[in-house]
1. Just flag the GluC sites (Glu not before Pro) in the range 76-178 sitting in loop per DSSP whose Cβ has no more than 11 other Cβ atoms within 10 Å.
2. Between Asp209 and Ser72, what is the label-to-label distance in nm when each label sits 7 Å out along the Cα-to-Cβ direction?
3. Using the Cα centre of the range 9-109 as origin and beta-carbon charges of +1 (Lys, Arg) and -1 (Asp, Glu), tell me which of Ala31, Ile64, His107 is placed farthest towards the positive end of the dipole.
4. Counting other beta carbons within 10 Å of each Cβ, put Lys11, Lys111 in order, fewest first.
5. Each label point is 7 Å from the Cα along the Cα-to-Cβ direction; what then is the distance between the points at Leu166 and Thr32, in nm?
6. With 10 angstrom as the radius, rank Leu84, Leu208, Leu23 by how many other C-beta atoms surround their C-beta, starting from the fewest.
7. Whose amide H sits under 5 Å from the amide H of Gly37, counting only residues 5 or more places off or on another chain, with H placed in the peptide plane?
8. Can you give the calculated 222 nm mean residue ellipticity of the chain, where each DSSP H run of n ≥ 4 adds -39,500 (n - 2.57) and the sum is split over every residue, rounded to the nearest 500 deg cm²/dmol?
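Each value in this text was obtained by applying a stated rule to the coordinates, not by laboratory testing. The structure presented is a predicted model; accordingly, all values stated were derived computationally and were not measured. No Cβ is skipped: glycine too gets one built from the backbone with ideal geometry, and neighbour counts run over all protein chains shown.
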Amino acid sequence: MNIDTPRPPLKIAVLISGGGSNLQALIDGCATGLIPGRIVLVVSNNPDAFGVERARRHQIPTRIIDHRLFDSRAAFDQVLARTLDESGAELICLAGFMRVLTSDFAHYYAKRLINIHPALLPAFPGLHVQRQAIDAGVRFSGATVHFVVPEVDAGPIIAQAVVPVLAHDTHDTLAARILRQEHRLYPLVVRWFAQDRVRVEDGRVRILDGEENGQHALINPMGEV
Ligand code: GRF
């Protein structure tokens, strides 16, 4: 389909575990029309996640699937997959979802399951990534949106945003600076999916050209410390 042809709004599911500020950015992106899509479901494994409240405020259907009630990751993932499939979601966005998914789940949703990570992958996968970045003395860090594959924080990179790491940075100041860029980056990437512009070729992502004129793969906000 030509990227200029009107398409039905993309059905999006968002998986969260916590505050949900990235969820909020996606909600806002849909509301403003930046994302030609609709969030059809928000799932949290954590009953107390504030992001659930954010979704309810916007009349978005929510489901709590508490991982502690399951004997195994596989059993949790099966219920999660059934819930997602029932929602009709076409794209699944992990947004601060703090559960490792099984490889069966990652394979089942290949090419339509994406994650945002607060570092410039492949540097600093895993947890406590701002601390990792500060301890390593890197001058730049940022955020990465990538396809989810069985290996944690791997998978083809779709887009990245860069921020400076400053001499006085603490975990919190760096995390806040990165988060501000996450809130720009994730809606932009989801917009590309809604426009059917994301392709994977030989394990690398290509974004079909649009209004960004080829400048779409990197946000470099040096001016926005
Ligand atoms: C973000 O930094 C995201 O990159 C990471 O977890 C954090 C979630 O924040 N995976 P929020 O819940 O979206 O506010």
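1. Here the GluC sites (Glu not before Pro) that fit, given the DSSP loop and packing criteria, are Glu151.
2. With each label point 7 Å from Cα toward Cβ, the separation is 5.0 nm.
3. Comparing the listed Cα positions along the dipole, Ala31 ranks first.
4. Going from sparsest to densest Cβ surroundings: Lys111, Lys11.
5. Each label point is offset 7 Å from its Cα along the Cβ direction, giving 2.4 nm.
6. Listing Leu84, Leu208, Leu23 from fewest to most nearby Cβ atoms yields Leu208, Leu84, Leu23.
7. Here the answer is Leu10, since their amide H atoms fall under 5 Å of that of Gly37.
8. Details: 6 runs with 73 residues, N = 225.
Rounded to the nearest 500, it is -10000 deg cm²/dmol.
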